[in-house]
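Shown next, in structure tokens, is the structure this report addresses.
The values are calculated or read from the model by the stated rules, or taken from the named source; none is laboratory data. None of these values were measured; they are calculated from a predicted model. Here the Cβ positions follow ideal geometry from the backbone for every residue, glycine too, while neighbour counts run over all protein chains shown.
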Amino acid sequence: MRINVHAGHNADGRTACGAIGFIRESTEARRVKDAVVSQLGQLGHTVYDCTVDDAAGVSDNLRQIVAKCNAHDVDLDVSIHFNSGAKDSAGNKVTTGTEAYVYSASSKAKAYAEKACAAVAGLGFRNRGVKYSTGLYVLRNTNSPAMLMECCFVDDRDDAQLYDCQAMAAAIVYGITGQKAAAKAGPDAGQEPTAPKEETPVGDRKQMYRVQVGAYSAESSARATMAKLKAAGFDAIVVNA
């Protein structure tokens, strides 16, 4: 595939940057975008980064992004955002979740958006589904089919605790392509263990040894780790010990 990818808004610290809560939208959208671009490249797709970091304002940012997108003949435009408006600062043990926007029900981007939402929901986020908007500038003005991904809510404590940059990117990439890139090495790859997917007994078959990943005082933190492990292809459960 040939794909345009961009993070929404200007970069943090500049005018017209994104929403700020437990998550800073402009910063995390760029981290997810970078990971999506990297993973798509690993899988052999042609990717163009159309992010704009320092436009004069909101309108200028949108115009520059669309100009960059329309400079390429692609199969899909992907806009990475984080949502706001949940106002759940305490945490209610329920995520507000993920959603995506496309221009209309007939958009060729709709199927990609549906699969991306489902893949992100597989990490543990509520699936708010695909919505239609003729008012969003990027969806209205790009030449190619476009989807705007709202990864999760910046002002929902449960969303923020569950969120992981690499896992989010991998889910979006899988939703779009049906493919998984190789596990990334580095500080963001802690959710990608290299052990076998199934428990393998060694020695006395009457004995079984299990690997414990961590212990947490907050259930939400335990479930966030479980979601990361499952996203990496490992069976995982939370035990109240």
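Numbers at a glance
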read-out: Selected residue [free of Cβ contacts under 8 Å to residues at least 24 places away in the same chain, in the same structural domain as F22 (by TED's automatic domain parsing) and not in a loop (DSSP other than H, G, I, E, B)] from A111, A118; value: A111
read-out: Qualifying positions in the range 75-123 - touching a Pro at 6+ places or on another chain (Cβ under 7 Å) and of a type in the set (G, A, S); value: S107, A109
read-out: Filter result for G41 (touching a strand residue (DSSP E or B) at 6+ places or on another chain (Cβ under 8 Å) and not hydroxyl-bearing (S, T, Y)); value: yes
read-out: Options A7, A19; residue that is under 20 Å from K87 (Cβ atoms) and at pLDDT 95 or above; value: A19
read-out: Verdict on D60 being assigned to a loop (DSSP other than H, G, I, E, B) and farther than 15 Å from A146 by Cα; value: no
read-out: All positions within the range 1-32 that are part of a helix (DSSP H, G or I) and of a type outside the set (A, V, I, L, M); value: E25, S26, T27, E28, R30, R31
read-out: Residue that is surrounded by the most Cβ atoms within 10 Å (Cβ to Cβ), among those in the range 132-175 that are of a type in the set (D, E) and in a helix (DSSP H, G or I); value: D159
read-out: Lone unmet requirement of (1) under 28 Å from A182 (Cβ atoms); (2) assigned to a helix (DSSP H, G or I); (3) not acidic (D, E) for A67; value: (1)
read-out: Verdict on R30 being surrounded by fewer than 22 Cβ atoms within 10 Å (Cβ to Cβ) and in the same structural domain as Y112 (by TED's automatic domain parsing); value: no
